[in-house]
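Reviewing the structure listed below.
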Protein chains: 2
Amino acid sequence: MNVRGLSTTEIEAQLATLRGWRLVDGKLHREFTFADFVGAFGFMAQAALVAEKLQHHPDWRNVWNRVTVDLWTHDLGGLSAKDFQLAARLSQLAGDSA
Amino acid sequence: MNVRGLSTTEIEAQLATLRGWRLVDGKLHREFTFADFVGAFGFMAQAALVAEKLQHHPDWRNVWNRVTVDLWTHDLGGLSAKDFQLAARLSQLAGDSA
């Protein structure tokens, strides 16, 4: 897995492939909304397994039916391919096609 | 379950029975630290079941091995007995005696 930092051009190109994600303070940010807490935590449980397998973990917050996610590669102080890989997997888990 | 708002005196008395929790912006606040992400999310998975059973859910954030929790009774705009009940259960799950 390539863990180098991505350039601005690369980030823009990757962002264009994702739906619902945007840059906030240099991090990949998205808010997911579910029917209720069971829906939200069910998503988190699946996402936790994916994150652990990738060895890349989200900064995330849950308030009842909402899960707010920030992705960032701490070691680089920027975004890497892993952030976009995890973002795409989270979107899939939440039921998005992208 | 009593869901009335607690008075300042009641809150202080309840806080004295809990270890590690403090008031931040009127909410019950605590940060838990675990060995790694698996430890942190294992705690969250157990806590999610407790919260759902209590029908009282935390505002919480996870960053790798850390879980930051804020408890508050949204419907009251303040603290209720449920917040202290959930706080005590979370402490137990994290391995505290209190």
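The values are calculated or read from the model by the stated rules, or taken from the named source; none is laboratory data. Model, not experiment: these values are computed from the prediction. Glycine also receives a Cβ, built like all others from the backbone with ideal geometry; neighbour counts cover every protein chain displayed. Just the protein is used for accessible areas: all its heavy atoms, side chains included, with ligands, DNA and RNA removed. Shrake-Rupley method; radii C 1.70, N 1.55, O 1.52, S 1.80 Å.
Of all residues in the range B:1-58, those satisfying the criterion of being within 16 Å of B:Gln92 (Cβ to Cβ), out of contact with any helix residue (DSSP H, G or I) (no Cβ under 8 Å at 6 or more places or on another chain) and of a type outside the set (Lys, Arg) are B:Gly39, B:Gly42, B:Leu49. Looking at the range B:16-33, which of the residues that are more than 14 Å from B:Trp72 (Cβ to Cβ) and not in a strand (DSSP E or B) is least open to solvent (accessible area, probe 1.4 Å)? Per the criteria, the residue is B:Leu18.
In the range A:37-90, the residue that is farthest from B:Val69 (Cα to Cα) out of those that are assigned to a loop (DSSP other than H, G, I, E, B) and within 11 Å of chain B (Cβ to nearest Cβ) is A:Gln55. Of everything in the range A:57-79, what is open to solvent by less than 20 Å² (accessible area, probe 1.4 Å) and without any contact (Cβ under 8 Å) to a residue 40 or more places away in the chain? Give them in sequence order. Within the range A:57-79, A:Pro58, A:Trp60, A:Asn62, A:Val67 meet the criteria.
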